[in-house]
Amino acid sequence: MSIPFVNREISWLDFNQRVLQEAQDKNVPLIERIRFIGIFSNNLDEFFKVRYATVKRVAQIQDEIEESKKAEKLLNEITEKTIKLQQESFKTFEKIIKELEHENIFFCDEINIETNQKQFIEDYFEKKIYPFLQVIIVNENTQILSKTTNNVFLVSKIIDDENKITHGLIEIPSHLDRIIVLPSRGDKINLIMLDDLIRHQSYKIFMNFSPKEIKIHMIKFTRDAELDFDDDINKSYVDKIAASVKDRDDGDPVRFDYDKEIDDDTLEMLLEKFNIGSRDSIIAGGKYQNRKDYINFPSLDRNDLLYDKFKPLKIHNFNLNESLIEQIDVRDYLQYTPYHKFDYIINFLREVSVDKEVKTVFITIYRLSEVSQVANLLIQAARNGKRVTVQIELQARFDEEANIRYAEVFKKEGVRLIFGIPNLKVHSKICVIQKKVSNKLKRYGFISTGNFNESTARLYTDFTLFTSNQQILKEVLRVFTFLEMNYKYPNHKLILISPYSTSTGIINRINREIENAKNGKNALIRVKINNLTNIKIVEALYKASQNGVQIRMIIRGVCCLVPGVKGFSDNIQVISVIDRFLEHPRLVIFENCGQREIFISSSDWMTRNLDNRVEVSCPIYDKQLQQEIIDTFEISWHDNIKSRNVNHEINNQYRKYGVKDIRSQYAIYKYYQDKVI
């Protein structure tokens with residue numbers, strides 16, 4: 001029997017279907033449902049820019065005929081599945097629009113604009129839109145250049161009195177609000193899409209052509225966004241990243257979405273101008289493209305159509321008004337955002353930045369918020385004489401330019417920068433400081449499953465361990481030594497480090513559970529991660545299942561493992577929880593005959609994380625914190641409102657479990673709320 005293994009790209013599309021289900025769930029507040037349409041669309045954009053683009057590259061390899069054929073088949077399968085999902089999303093949005101009308105919220109288009117709105121629209125167009133529009137008149141010499149990997153155009157077919165046809169492309173600037181609130185009377189709220197407002201004013205754009213008729217349709221054009229590095233040894237690493245990001249503008253096309261009402265001659269012209277080929281995903285859609293902009297759908301002062309506010313909580317007995325370092329000196333603490341305040345990381349860094357006995361600060365940076373307190377406090381620490389070392393990841397996908405800017409600011413402020421190893425991303429989330437205590441340097445720090453980002457901390461669930469465990473932090477400090485001097489192997493016994501010991505550490509512990517099961521002992525593995533694609537770990541889990549190890553997995557995204565196959569993976573159950581917060585922590589609990597071994601980690605169980613990135617998995621030793629992790633896992637596991645089965649036969653079916661309704665994210669908030677009462 002061949003090993004059951006779900007294709008990674010197909011599994012990812014199944015995950016995005018779960019996101020779409022949130023837009024379809026009538027128990028989700030109406031405006032939040034629209035925003036899930038935006039998340040669904042944004043996910044799909046990134047999928048095509050990266051994953052589809054990668055498969056296309058394989059399909060183009062001429063000397064690997066067999067692999068090329070497989071990739072070609074997969075491209076077709078992806079396109080077919082995407083078209084179905086897109087059609088489902090269009091129908092979902094149409095239903096939401098009708099429900100909005102019941103709430104007295106209406107979308108206008110370029111035709112049904114009320115008299116009292118026309119002056120507003122003209123003024124808005126003249127002042128806020130027209131100055132930023134890029135208009136390209138298409139002829140045989142026209143070259144369509146773009147500034148991003150995802151471009152949205154309004155395609156104009158201009159017909160004059162002599163029936164002469166001219167085509168124009170209007171590129172929609174990404175910084176403009178896509179959804180505009182119009183003047184309204186009474187309780188009625190009127191909205192208009194930016195594209196419809198432009199359609200209404202299009203005669204101003206093309207008045208030189210004396211148009212008799214203007215037909216306007218929207219298209220979206222997506223490019224390959226993978227980075228390619230040149231081998232010029234005279235260029236710095238920063239310069240290579242910057243050049244590679246710039247080269248994305250010339251990446252190969254991978255997807256072309258268009259309004260199905262577009263004229264055939266216009267479509268033919270566009271396919272030629274955009275160099276769209278047979279391996280590209282060509283998808284006929286509706287009037288509106290680039291629906292990722294719905295993520296920023298306005299709140300409209302309608303709190304009744306939004307999620308209830310979650311006020312982040314304090315960590316039990318971890319006092320923000322006292323020295324965090326002194327409290328960490330006594331015991332470990334666990335922060336679980338967004339249930340807990342992100343302030344603990346901020347206050348820790350603030351205290352570090354002014355404490356005269358703190359000598360050094362080491363931290364990894366992957367993604368920072370646009371206005372980052374973390375960055376400001378690291379600069380403050382450097383200004384106060386601390387030796388601050390920042391490893392900033394310049395290959396953080398789609399944040400490369402922002403991180404280059406931060407790197408330049410850090411450098412100017414005297415922060416030591418290390419960039420790690422080219423082609424080996426640093427994805428670990430670690431911070432270690434050294435403080436002089438009784439004439440000796442003592443280490444304090446935190447290890448996290450997520451980014452040190454104030455913005456995403458309100459939306460992503462992540463664990464952060466605050467500790468003064470000297471051995472753990474000594475090993476974490478060796479990671480920085482390794483990043484700066486790649487020839488120095490980071491010796492470690494307690495933590496797991498990719499690309500050295502994460503994979504073998506996990507598999508060895510799976511094998512230990514297998515031995516326990518063979519000896520008639522209780523054997524259980526509980527896992528919560530974002531993605532599972534690594535074949536070696538999948539094989540180890542299958543082997544564990546066949547030997548009686550019970551395996552419970554909560555996997556938000558891609559899962560290449562197939563659970564529940566008789567005689568093969570009977571003892572493996574996999575669920576996915578999709579709700580208002582993005583489930584982001586990575587953790588694993590090995591039962592180990594009651595001597596539980598628990599790790600939190602920055603690493604998913606994917607080959608890239610295990611073999612091609614620098615990741616840190618940290619053990620949790622404090623019994624109270626261990627119990628917290630187990631408790632929150634079990635709450636998620638018993639979710640019977642927002643959990644879905646991940647299974648080859650009943651994929652994405654909502655899971656019925658138990659008799660009491662449990663919505664895990666709300667139940668976890670209540671769990672922590674009870675701790676601080």
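The values are calculated or read from the model by the stated rules, or taken from the named source; none is laboratory data. From a predicted model like this one, the values you see are computed outputs, not experimental measurements. Every residue, glycine as well, gets a Cβ built from its backbone with ideal geometry; the counts of neighbours run over all protein chains shown.
Brief remarks on what is shown
- Taken over segment 470-521, the criterion of being of a type in the set (S, T, Y) and touching a residue at least 60 places away in the same chain (Cβ under 8 Å) is satisfied by S498, T502, S503.
- Lone qualifier among V58, V50 - being farther than 20 Å from Q653 by Cβ, touching a residue at least 40 places away in the same chain (Cβ under 8 Å) and out of contact with any His (no Cβ under 8 Å at 6 or more places or on another chain): V50
- Condition met for G548 (within 23 Å of T461 (Cβ to Cβ) and either free of Cβ contacts under 8 Å to residues at least 40 places away in the same chain or in a loop (DSSP other than H, G, I, E, B) (or both)): no
- S468 vs. criteria at pLDDT 95 or above and more than 29 Å from the chain's Cα centre (by Cα): yes
- Total residues in segment 34-47 satisfying the condition of being without any contact (Cβ under 8 Å) to a residue 40 or more places away in the chain and farther than 23 Å from I97 by Cα: the figure is 1.
- Apart from one condition, D25 fits all of (1) modelled with pLDDT of 95 or more; (2) touching a helix residue (DSSP H, G or I) at 6+ places or on another chain (Cβ under 6 Å); the exception is (2).
This table checks each residue for (1) assigned by TED's automatic domain parsing to the domain that holds Q627; (2) in contact with an Asp or Glu (Cβ under 6 Å, 6 or more places away or on another chain); (3) not in a helix (DSSP H, G or I).
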position	(1), (2), (3)
I328	no, no, no
Y344	no, no, no
E351	no, no, no
L368	no, no, yes
V374	no, no, no
I379	no, yes, no
T389	no, no, yes
E401	no, no, no
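- Test: residue in segment 87-94 that is closer than 30 Å to K204 by Cβ, out of contact with any Cys (no Cβ under 8 Å at 6 or more places or on another chain) and outside the structural domain of R223 (by TED's automatic domain parsing): yes
- Residue that is modelled with the lowest pLDDT [pool: residues in segment 99-117 that are surrounded by 13 or more Cβ atoms within 10 Å (Cβ to Cβ) and assigned to a helix (DSSP H, G or I)]: Q117
- When K356, K314, K386, K341 are screened for being charged (D, E, K, R) and under 24 Å from the mean Cα position of the chain (by Cα), only K341 passes.
- Residue match in segment 70-82 (condition: among the acidic types (D, E), within 21 Å of V254 (Cα to Cα), at pLDDT below 90 and under 22 Å from the mean Cα position of the chain (by Cα)): no
- Whenever a residue of segment 433-452 is within 16 Å of V388 (Cα to Cα), its partners that are of a type in the set (G, A, S) and surrounded by 24 or more Cβ atoms within 10 Å (Cβ to Cβ), lying with C-beta atoms within less than 8 angstrom and at least six residues away or across chains, give the pairs I433/G445.
- Checking each residue in segment 438-450 for being polar (S, T, N, Q) and touching an Asp or Glu at 6+ places or on another chain (Cβ under 8 Å) picks out S448, T449.
Residue-by-condition table, conditions (1) under 16 Å from I506 (Cα atoms); (2) of a type in the set (G, A, S):
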residue: V527; (1), (2): yes, no
residue: I537; (1), (2): yes, no
residue: L541; (1), (2): yes, no
residue: S545; (1), (2): yes, yes
residue: P563; (1), (2): no, no
residue: V574; (1), (2): no, no
